[in-house]
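**Student:** Got a structure here, written out as structure tokens. Questions coming.
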Amino acid sequence: MFDALSDRLEGIFGRIRSRGRLSDADVDEALREIRTALLEADVDVGVARSLVAGIRARLVGQDLSKSLSPGQQVVKAVHEQLIEVLGGETLRLSYASSPPTVVLLAGLQGSGKTTTSAKLARWFRQQGRNPLLVGADLQRPAAVEQLRILGEQAGVPVFSEPSDPVAVAAGGLREAQRLGRDVLIVDTAGRLAVDEALMDEVRRVSQSVAPHYTFLVIDAMTGQDAVATARAFHDALALDGVILTKLDGDARGGAALSVKDVVGRPIAFASTGERLADFDLFHPDRMASRILGMGDVLTLIESAEREFDHDVAEQGATALLEGRFTLEDFLSQLQQVKKLGSLGGLLSLMPGVPKELKNNAAIDDGQVAQVEAIIRSMTPRERGEPGVIDGARRARIARGSGTTTQDVNQLLRQFKEAQQLMRSPGLLGGMLGGGGRAKMAQALAERMGDGGPPGTGGLESLMSGDPGLAPGGPGGMARTATGLGLAGAGAKGRPGKKKKGGRVTPKGEGGRGR
Amino acid sequence: MLALWIILAVVLATAVVGLVVAVPRRARARRASDTGGAGATTIEKPTAAPAPAVATPDLVSPPVEAPVEKAAPELRERMGKTRGLISGYVRSLRSRSSVDEEAWEDLEEALLRADVGVVTTTALLADLRGRLRAGELRGADEVVAALREDLRRSLDTDKGTALALDPERTSVWLFVGVNGVGKTTTIGKVARRETTAGRSVLLAAGDTFRAAAVEQLEQWAQRTGVEIVRGAEGGDPSAVVFDAVQRASARGNDLVLADTAGRLHTKVNLVEELKKIRRVADRPPGLVTEVLLVLDATTGQNGLTQARQFLDAVGVTGVVLTKLDGSAKGGIVIAIQRELGLPVKLVGLGEGPDDLVTFDPDEFVDALFD
């Protein structure tokens with residue numbers, strides 16, 4: 001979508017450039033495209049309107065017609081505007097001087113309150129706290145049962161009793177005091193904002209425990225209704241923040257912008273999966289990228305961090321660094337990468353990958369399985385030294401994997417090409433080109449701040465885009481691919497622009513490396 | 001050619017992960033060992049006893065609770081709670097003498113706010129503009145009337161709202177959708193509706209993933225007085241559905257309502273699991289006669305993506321639009337109908353066993369406008 005938006009904008013500005021000057025109508029046309037992109041991401045109509053006004057203000061005075069890439073420049077302005085709206089004040093949790101610190105969760109049915117309660121409890125435990133969960137959802141059948149099971153998984157006790165929600169919440173508070181638990185998390189029943197009786201009930205639940213923090217739990221897939229819901233809950237409960245759930249899908253989550261705008265309180269947490277660990281603080285910059293459909297490389301890294309076997313990952317990286325990445329290494333890394341989902345999906349998260357490839361969602365899992373079968377039909381020696389594979393071995397491998405010798409040949413040839421690419425330093429730099437490189441550099445700076453690990457200098461400088469090593473720029477990969485006869489897939493090679501200046505430091509992020 | 005991309009993707013992931021994950025991990029591991037254990041003291045064990053894991057699906061005969069006689073809710077009346085959304089715009093439109101640019105913008109905003117979506121809204125309005133220009137329509141009233149008619153027509157298909165049953169084999173209705181849309185609740189309500197219509201129903205507790213999902217469906221089975229087949233928690237949902245079909249066939253049930261775990265349409269493995277459930281349920285003596293996509297009315301533009309993916313994967317036959325008693329309008333079903341031809345068949349209007357009605361395009365559109 002980001003690609004689509006920036007393409008559409010490039011189209012508009014391309015026409016303008018040929019005329020030489022930017023009229024108001026041109027700007028209007030660009031802003032309409034931006035508005036469409038926001039609406040398609042489910043940003044509220046009114047919020048989209050005020051965002052577009054903000055972007056217009058940002059664009060005023062910028063001489064876009066002279067820019068080499070006005071579309072990109074406008075997208076950057078949009079991105080910055082979104083971060084500004086989503087970010088601002090962050091939630092700083094402080095704990096009550098007389099425990100427990102009470103946290104109340106409320107929201108519509110099915111937004112994920114019960115699961116989020118358990119995730120939050122786990123999060124507090126990780127912060128060194130001792131939470132108690134209270135199951136005050138007596139409405140939905142088996143909701144308390146669900147909370148008990150999840151509480152057990154999180155290692156957090158659950159209090160509930162079959163009375164009424166107000167009594168349960170008050171009882172939970174007494175129980176927490178009795179047991180010396182220092183955080184109390186109250187899960188409430190899902191309710192519609194228009195249901196006055198239930199809204200009144202949740203108000204009474206809230207009064208009975210006087211929460212220090214009240215969070216609205218809202219689904220990232222929510223459409224225009226997000227505003228009405230957020231307003232109603234805010235009016236009833238005076239929200240302190242928002243928890244955004246189901247971010248592991250492909251919804252753009254424009255509701256985040258709407259809710260932030262209405263409630264004026266930070267989005268505190270984001271829930272990104274079905275497991276209790278899939279829960280973290282909210283990152284405005286990532287959400288802004290997501291709403292615009294930009295690759296989210298940090299999320300990719302984080303899920304890799306959770307899913308990968310770290311020893312295997314380390315071995316792979318070492319092999320890669322030392323230029324001896326074999327089919328055996330490839331196979332073991334492939335097993336890791338598969339844990340992240342489909343390879344097509346993975347590619348779409350990577351910035352700098354040619355969009356023809358992304359759009360075709362080119363890699364289907366059947367082909368991955370075929371590649372895997374071929375390698376698994378090789379002996380360990382063959383995997384280490386593909387040079388020994390002669391005609392007879394080839395035929396055996398093809399039979400073993402249920403493929404043809406042509407398939408085997410093709411894989412071997414392409415792996416060899418890939419090996420050559422791995423040795424050419426431009427590749428990785430090129431793949432991580434553009435925004436990804438800046439993000440990567442930032443990620444590396446953040447993560448490697450304390451005592452840079454030995455032996456990674458080579459790749460680190462590749463990723464941070466050291467001009468001496470990375471001749472490619474954003475077009476690097478596409479060019480290399482074209483050079484290999486992959487014009488169909490890699491196609492659109494922009495002339496590689498050599499990056500000026502030394503190490504890339506993301507703008508405005510300079511001071512973040514510890 | 002593809003193999004190369006696979007290789008490159010893996011290599012890149014290896015490089016990134018190796019650097020960012022594996023190497024600094026040593027440093028973190030050191031830090032973690034300093035702080036590890038803090039906050040890990042539990043004062044009290046959770047009191048929940050884990051649900052008994054039953055290895056073989058187990059037939060539970062619930063005590064039948066007499067259905068409470070209650071009139072089915074009116075869609076229009078229930079949606080009426082929040083009327084005034086499109087109607088507000090329409091009133092202001094009608095008060096104007098001519099259909100000017102501002103009027104079009106108002107109509108656009110009204111449709112967008114109902115979650116109809118940019119593409120569909122633009123298409124609908126472009127058509128109306130053309131007809132106005134051609135003199136086919138005159139004035140605001142006629143434009144509004146034409147819009148209503150267009151919406152009604154796009155929702156009213158020849159496929160209709162009937163839910164199919166097979167006269168020979170055991171019919172299976174499969175309920176699918178993302179997490180939290182109301183699949184289990186909907187099944188409870190459909191069970192009530194079908195038993196009231198005189199059919200014998202068996203529930204298959206195919207959501208073996210979410211904690212306490214089976215218990216939730218069991219409570220619905222009790223409420224509606226139907227039998228339920230359940231399996232082990234975390235077990236294979238296909239096995240549960242298979243068993244339910246066998247059981248239903250042996251006992252002469254008309255219909256199996258199969259619950260499935262909520263899954264995001266982006267999760268490849270889970271979608272594969274769903275395909276398997278469908279394949280298993282389709283084997284004689286069973287036949288899948290309906291695959292109902294349960295869709296929450298609050299869902300925005302992602303609803304279209306969901307519908308497309310589930311349609312591709314398991315051949316969805318219709319949509320159940322839930323939570324329409326809230327302030328959300330559920331306009332995404334218009335886009336789904338137009339783009340994918342999927343009819344809305346049922347509408348959920350609350351949490352009670354009788355809060356389910358057959359979708360009526362006229363009422364739906366009237367509720368948007370009046």
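**Student:** Tell me, yes or no, whether the stretch A:192-215 has at least one residue that is at pLDDT 95 or above, within 24 Å of the chain's Cα centre (by Cα) and under 23 Å from A:LEU39 (Cα atoms).
**Tutor:** no
**Student:** Checking B:THR322 against (1) within 11 Å of chain A (Cβ to nearest Cβ); (2) over 30 Å from A:LEU198 (Cβ atoms); (3) touching a residue at least 24 places away in the same chain (Cβ under 8 Å), which test does it fail?
**Tutor:** (2)
**Student:** A:THR456 versus (1) more than 8 Å from chain B (Cβ to nearest Cβ); (2) at pLDDT below 90; (3) crowded, with 17+ Cβ neighbours inside 10 Å: which is the lone unmet condition?
**Tutor:** Result: A:THR456 fails condition (1) only.
**Student:** Quick check on my filter: what residues within the stretch A:387-423 are more than 16 Å from A:LEU327 (Cα to Cα) and polar (S, T, N, Q)?
**Tutor:** The answer is A:THR403, A:THR404, A:THR405, A:GLN406.
**Student:** For the stretch A:240-252, give me the residue count where each residue is in contact (Cβ under 8 Å) with a residue 12 or more places away in the chain, part of a loop (DSSP other than H, G, I, E, B) and either touching an Asp or Glu at 6+ places or on another chain (Cβ under 6 Å) or facing chain B (nearest Cβ under 9 Å) (or both). Talk me through it step by step, then tell me what you get.
**Tutor:** We begin by selecting, within the stretch A:240-252, every residue in contact (Cβ under 8 Å) with a residue 12 or more places away in the chain; these are A:240-249, A:251-252.
Applying the additional criterion that residues be part of a loop (DSSP other than H, G, I, E, B) yields A:240, A:246-249, A:251-252.
If we keep only those that are either touching an Asp or Glu at 6+ places or on another chain (Cβ under 6 Å) or facing chain B (nearest Cβ under 9 Å) (or both) as well, we get A:246, A:248-249, A:251-252.
Residues flagged as in contact (Cβ under 8 Å) with a residue 12 or more places away in the chain, part of a loop (DSSP other than H, G, I, E, B) and either touching an Asp or Glu at 6+ places or on another chain (Cβ under 6 Å) or facing chain B (nearest Cβ under 9 Å) (or both) within the stretch A:240-252 amount to 5.
**Student:** Okay, moving on. Is it the case that some residue within the stretch B:299-312 is within 15 Å of the chain's Cα centre (by Cα), assigned to a loop (DSSP other than H, G, I, E, B) and outside the structural domain of B:VAL116 (by TED's automatic domain parsing)?
**Tutor:** Within the stretch B:299-312, one or more residues are within 15 Å of the chain's Cα centre (by Cα), assigned to a loop (DSSP other than H, G, I, E, B) and outside the structural domain of B:VAL116 (by TED's automatic domain parsing).
**Student:** Could you pull out the residue among B:VAL256, B:VAL245, B:VAL288, B:VAL240 that is in a helix (DSSP H, G or I), buried (at least 24 other Cβ atoms within 10 Å of the Cβ), more than 14 Å from every other protein chain (Cβ to nearest Cβ) and in contact with a helix residue (DSSP H, G or I) (Cβ under 8 Å, 6 or more places away or on another chain)?
**Tutor:** Details: B:VAL256 fails: in a helix (DSSP H, G or I); B:VAL288 fails: in a helix (DSSP H, G or I); B:VAL240 fails: in contact with a helix residue (DSSP H, G or I) (Cβ under 8 Å, 6 or more places away or on another chain).
The match here is B:VAL245.
**Student:** Could you tell me whether A:PRO165 is within 35 Å of the chain's Cα centre (by Cα) and either not aliphatic (A, V, I, L, M) or not assigned by TED's automatic domain parsing to the domain that holds A:ALA228 (or both)?
**Tutor:** Values: within 35 Å of the chain's Cα centre (by Cα): no; either not aliphatic (A, V, I, L, M) or not assigned by TED's automatic domain parsing to the domain that holds A:ALA228 (or both): yes.
Taking the combined requirement at face value, the residue does not satisfy it.
**Student:** Return only the number of the condition from (1) modelled with pLDDT under 85; (2) surrounded by 17 or more Cβ atoms within 10 Å (Cβ to Cβ) that A:ASP450 does not satisfy.
**Tutor:** (2)
**Student:** Here's something else I'd like to know. With respect to A:LEU173, determine if the residue is assigned to a helix (DSSP H, G or I), touching a residue at least 24 places away in the same chain (Cβ under 8 Å) and either closer than 22 Å to A:PHE233 by Cβ or more than 27 Å from the chain's Cα centre (by Cα) (or both). Working first, answer last.
**Tutor:** Numbers: assigned to a helix (DSSP H, G or I): yes; touching a residue at least 24 places away in the same chain (Cβ under 8 Å): yes; either closer than 22 Å to A:PHE233 by Cβ or more than 27 Å from the chain's Cα centre (by Cα) (or both): yes.
Considered against the rule, which asks whether it is assigned to a helix (DSSP H, G or I), touching a residue at least 24 places away in the same chain (Cβ under 8 Å) and either closer than 22 Å to A:PHE233 by Cβ or more than 27 Å from the chain's Cα centre (by Cα) (or both), A:LEU173 comes out as yes.
**Student:** Only one of B:ASP100, B:ASP158 is at pLDDT below 90, more than 29 Å from B:ASP282 (Cα to Cα) and surrounded by fewer than 24 Cβ atoms within 10 Å (Cβ to Cβ); which? Break it down into steps so the answer makes sense when it comes.
**Tutor:** Working: B:ASP158 fails: more than 29 Å from B:ASP282 (Cα to Cα).
The unique qualifying residue is B:ASP100.
**Student:** Name the residue, out of A:ASP195, A:ASP225, that is outside the structural domain of A:ASP44 (by TED's automatic domain parsing), free of Cβ contacts under 8 Å to residues at least 12 places away in the same chain and crowded, with 22+ Cβ neighbours inside 10 Å.
**Tutor:** Within the list A:ASP195, A:ASP225, the selection yields A:ASP225.
**Student:** Output the residue which, of all residues in the stretch B:322-370 that are in contact with a Phe, Trp or Tyr (Cβ under 7 Å, 6 or more places away or on another chain) and not β-branched (Val, Ile, Thr), is nearest to B:THR224 (Cα to Cα). I'd like the intermediate steps shown before the answer.
**Tutor:** Just the residues of the stretch B:322-370 that are in contact with a Phe, Trp or Tyr (Cβ under 7 Å, 6 or more places away or on another chain), to begin with: B:344-347.
Now narrow it down to the ones that are not β-branched (Val, Ile, Thr): B:345-346.
Working: B:LYS345: 21, B:LEU346: 18 Å.
Filtering first and then ranking leaves B:LEU346.
**Student:** Which condition number does A:THR114 fail, the rest of (1) within 21 Å of the chain's Cα centre (by Cα); (2) crowded, with 24+ Cβ neighbours inside 10 Å; (3) closer than 21 Å to A:GLY172 by Cα being met?
**Tutor:** Condition not satisfied by A:THR114: (1).
**Student:** Within the stretch A:118-127, is there a residue that is assigned to a strand (DSSP E or B) and more than 11 Å from chain B (Cβ to nearest Cβ)?
**Tutor:** Our first condition is that a residue be assigned to a strand (DSSP E or B); within the stretch A:118-127, this holds for none.
No; the residues of the stretch A:118-127 include none that is assigned to a strand (DSSP E or B) and more than 11 Å from chain B (Cβ to nearest Cβ).
**Student:** Restricting attention to the stretch A:258-285, which residues are within 12 Å of chain B (Cβ to nearest Cβ) and aliphatic (A, V, I, L, M)?
**Tutor:** A:LEU276
**Student:** Sticking with this structure for a sec: Yes or no: the stretch B:123-134 includes at least one residue that is more than 14 Å from chain A (Cβ to nearest Cβ), surrounded by fewer than 24 Cβ atoms within 10 Å (Cβ to Cβ), under 21 Å from the mean Cα position of the chain (by Cα) and in a loop (DSSP other than H, G, I, E, B).
**Tutor:** Within the stretch B:123-134 (the criterion being more than 14 Å from chain A (Cβ to nearest Cβ), surrounded by fewer than 24 Cβ atoms within 10 Å (Cβ to Cβ), under 21 Å from the mean Cα position of the chain (by Cα) and in a loop (DSSP other than H, G, I, E, B)), the answer is no, since none of the residues qualifies.
**Student:** Looking for whichever is at pLDDT 85 or above and within 30 Å of A:HIS212 (Cα to Cα) here; the options are A:LEU31, A:LEU51, A:LEU38, A:LEU105. Which one fits?
**Tutor:** A:LEU105
The values are calculated or read from the model by the stated rules, or taken from the named source; none is laboratory data. Fair warning: this is a prediction, and the values are worked out from it, not measured in the lab. Counting neighbours? That spans all protein chains shown, and the Cβs are built from the backbone with ideal geometry, glycine included.
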